[in-house]
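Notes follow once the structure below has been shown.
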Amino acid sequence: MAQWGVTIGIPDAPTVFQAAATEERPTQKLNWKTDSPVWVEQWLLIKEKLKVLQELVDEQLAKGHIVETTSPWNSPVFVIKKANKGKWRLLHDLCQINNVIEDMGSLQPGMPSPTMLPQIWNLAIIDIKDCFFQIPLHPDDAPRFAFSVPTLNREAPRKRYHWKFLPQGMKNSPSICQWYLSSLLSPVRAAVGEAIILHYMDDVLVCAPNDDLLSHTLDLTIDSLVAAGFNLQEEKIQRMPPWKYLGLEIERTANCKLKAKPPVMVKDPATRETEGPHDLITRSYGYACVSIASGLKWVPAKWVKPFIPKTAKPPAEAPQVTSAAWRRRKRQTFSF
């Protein structure tokens, strides 16, 4: 503990934590409404996008995120260019697959509020890179997330792959991500006692009453995540204020400032009721966080629509009088 310059009694990590950080993590099996294969044919892509798709697939194959498959399931893939970056992104359309998966529901329906943290405590925030790609799918579920990579002019047989890790776009990926990260951080929470660890999706906040305990807790958290295969980058670890967390800015006094974003309306399709306008805080993994009178509320992103204020109707223009109508009116006026 001397490397942190500790002057207070900080408990060492128990043996239970050390074992939990290195043991193989369990997977969460999905419940399916049908075992009949779902096959959605691959869309046609232009030459440029076919080349980009092959490059992105080769990259995922090299990282071990996908494997070749002969699965009878298939869903289309496509690529889009990231805004203002010039890079391409691989997307997998899992709409039809999601229709045959039973919804797990949200394990954490709202995000933790930093306003509940002690104001004088110190903070550090970790942003996990490519969080989903470090969480394995259950071996029985993986072949159902398959896709095909066509060739130009069908000059060769297409290659087929399926995901080994959580695919983006699968409706239960956020819930499995929450469950998986919680299983990693639970031993850390037990080891540090007084320190507070908040996590939501790929953002982890560490809070402690002093720098020594904060450093100790942060190191245990990083060790646990790295041991599980997560990719952490030093530039993604925030140690100094203002901290950015889930669309919020936190000052040293733990006062949160909401970023100014256009207001939105929220329409619940079940009740057909529309509420708003509300301030939009952030969007993440198909959900949106809005500020309402009772606090922050997470709703499906598709419920959220831009707020368009009603403007006063412009005054009606004077009716246009045609030349024929003017002559007719003139004859009526001057007729004797």
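Key figures for this structure:
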| item | result |
| --- | --- |
| Any hit, segment 162-170, residues being among the basic types (Lys, Arg) and at pLDDT below 90 | no |
| Considering residues of segment 81-101 that are part of a strand (DSSP E or B) and within 18 Å of PHE133 (Cβ to Cβ) only, the residue farthest from the chain's Cα centre (by Cα) | TRP88 |
| Breaking point among (1) under 19 Å from PHE165 (Cα atoms); (2) out of contact with any Pro (no Cβ under 8 Å at 6 or more places or on another chain); (3) at pLDDT below 90, for THR27 | (2) |
| Some residue of segment 151-162 being among the hydrophobic types (A, V, I, L, M, F, W, C), touching a residue at least 24 places away in the same chain (Cβ under 8 Å) and not in a loop (DSSP other than H, G, I, E, B) | yes |
| Test: residue in segment 102-120 that is assigned to a strand (DSSP E or B) and surrounded by 12 or more Cβ atoms within 10 Å (Cβ to Cβ) | no |
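The values are calculated or read from the model by the stated rules, or taken from the named source; none is laboratory data. Only a predicted model underlies this, so the values are computations on that prediction, with no experimental measurement involved. Using ideal geometry, Cβ is built from the backbone for each residue, glycine included, and neighbour counts are taken over all protein chains shown.
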